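The block underneath contains the structure these notes are about, expressed in structure tokens.
Just so you know, all these numbers are worked out from the coordinates, no wet-lab data involved. On a predicted model such as this, the values are computed, not experimentally measured, just so you know. Cβ coordinates were reconstructed from backbone atoms using ideal geometry, including for glycine residues, and neighbour counts include every protein chain displayed.
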Amino acid sequence: MQTDEHATRILHVPPHGPAIVTSDDTSDLIGSAWANRAELIAIPAARLDPAFFDLSSGVAGEMTQKFVNYRLRVAIVGDISAYVAESDALRDYVWESNRGTQVWFVSDEAALHDKLAGRPARMGTIG
């Protein structure tokens, strides 16, 4: 599904389906985004393979870099607090990513809407 919010066309990845983990999965999302002229891909955190949240696996870096290389922004949408609690490196990655404009971690669709509107993040669960 796609939506337009704050002059940004968003491709919303369905919440149910196979885990997204491989380079081919990322390429498929990029192709879908281009077919829908989307600028941002909103991926439910639950759709990501747990390896994404283990930064030592390289999955998160490879996946997000591929989106950036193709000039697409990405938002990971959902509660990732359990992963963040287990990893200082992930906590720092989320914090740094959310300061930028290319990769965001937001707790829900409302937080994504606020981020696109330029409003400060709400207090609550990281992710």
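Among the listed residues L29, L11, identify the single one that is within 13 Å of the chain's Cα centre (by Cα), under 21 Å from K115 (Cα atoms) and not in a loop (DSSP other than H, G, I, E, B). Working first, answer last.
On the way: L29 fails: under 21 Å from K115 (Cα atoms).
After applying the criteria, what remains is L11.
Just a yes or no: is a residue in the stretch 56-71 basic (K, R) and touching a helix residue (DSSP H, G or I) at 6+ places or on another chain (Cβ under 8 Å)? Yes, there is a match, as at least one residue in the stretch 56-71 is basic (K, R) and touching a helix residue (DSSP H, G or I) at 6+ places or on another chain (Cβ under 8 Å). The combined condition, being in contact (Cβ under 8 Å) with a residue 12 or more places away in the chain and not hydrophobic (A, V, I, L, M, F, W, C), is not fulfilled by S57.
Identify all residues within the stretch 73-111 that are of a type in the set (A, V, I, L, M) and assigned to a strand (DSSP E or B); write none if there are none. Those that are of a type in the set (A, V, I, L, M) and assigned to a strand (DSSP E or B): V74, A75, I76, V77, V103, V106.
Looking only at the stretch 66-73, decide whether some residue is surrounded by fewer than 16 Cβ atoms within 10 Å (Cβ to Cβ) and under 12 Å from the mean Cα position of the chain (by Cα). Before you say what the answer is, go through the steps one by one.
So the first thing to find is which residues in the stretch 66-73 are surrounded by fewer than 16 Cβ atoms within 10 Å (Cβ to Cβ), and the list is 68-71.
When the remaining residues are screened for being under 12 Å from the mean Cα position of the chain (by Cα), the result is 68.
Yes, some residue in the stretch 66-73 is surrounded by fewer than 16 Cβ atoms within 10 Å (Cβ to Cβ) and under 12 Å from the mean Cα position of the chain (by Cα).
Does A7 satisfy the criteria of being farther than 27 Å from S81 by Cα and touching a Leu at 6+ places or on another chain (Cβ under 8 Å)? Against the criterion (farther than 27 Å from S81 by Cα and touching a Leu at 6+ places or on another chain (Cβ under 8 Å)), A7 does not qualify. Checked against the criterion of being free of Cβ contacts under 8 Å to residues at least 40 places away in the same chain, surrounded by 14 or more Cβ atoms within 10 Å (Cβ to Cβ) and of a type in the set (V, I, T), the candidates I41, I80, I30 yield just one match: I41.
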